[in-house]
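The values are calculated or read from the model by the stated rules, or taken from the named source; none is laboratory data. On a predicted model such as this, the values are computed, not experimentally measured, just so you know. FYI the Cβ positions are ideal-geometry reconstructions off the backbone, even for glycines, and counts take in every protein chain you see.
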Amino acid sequence: MTSKHIKQFVTVSLFIFLFVQCKTMKENRQDIKQFKSIYLDQFKLTYTRRLLQIGFNNSTSINNILDTDPRGFTERILSDADYHLIDSLVYQDNQIMITDSTNRIGMVAEGAEGKSVLDYLISKYESKWIDSVAKVRYKTLGVKKFE
């Protein structure tokens with residue numbers, strides 16, 4: 001081979017290598033974005049389900065509804081630490097709802113007393129609080145960012 005052919009071969013080889021490497025990095029970025037989206041959704045879904053269960057005192061009716069909901073993943077996305085954090089948050093939220101309910105006794109119209117689980121849950125979602133908690137938790141996973 002002449003030096004001209006060697007240079008051409010090296011140039012083409014480098015070009016192919018860079019093309020394949022860029023494509024792989026792009027696929028990795030897409031995989032990471034997809035995993036992040038799945039993780040955040042699963043975190044918020046788990047929080048919502050647990051808040052409904054605990055808020056309604058593990059009611060059979062609520063559990064039946066949640067059991068028929070096909071949303072979620074069969075493979076585990078969240079860690080034990082995630083579930084522990086969610087349970088802690090739900091416990092605190094339930095205590096807030098109980099306190100609020102107790103403070104409203106005799107102060108609201110009859111029939112409006114008791115825990116306002118759905119109202120509480122909606123206000124949490126509108127505040128984007130659970131989104132920020134899920135994002136902070138996601139960052140602790142150490143998933144490498146490709147920017």
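For this structure, a couple of remarks:
- Failed item, numbered, when Leu66 is tested on (1) modelled with pLDDT under 90; (2) surrounded by fewer than 14 Cβ atoms within 10 Å (Cβ to Cβ): (2)
- Within segment 114-133, tally of residues that are within 26 Å of Ser59 (Cβ to Cβ) and touching a Leu at 6+ places or on another chain (Cβ under 9 Å): 7
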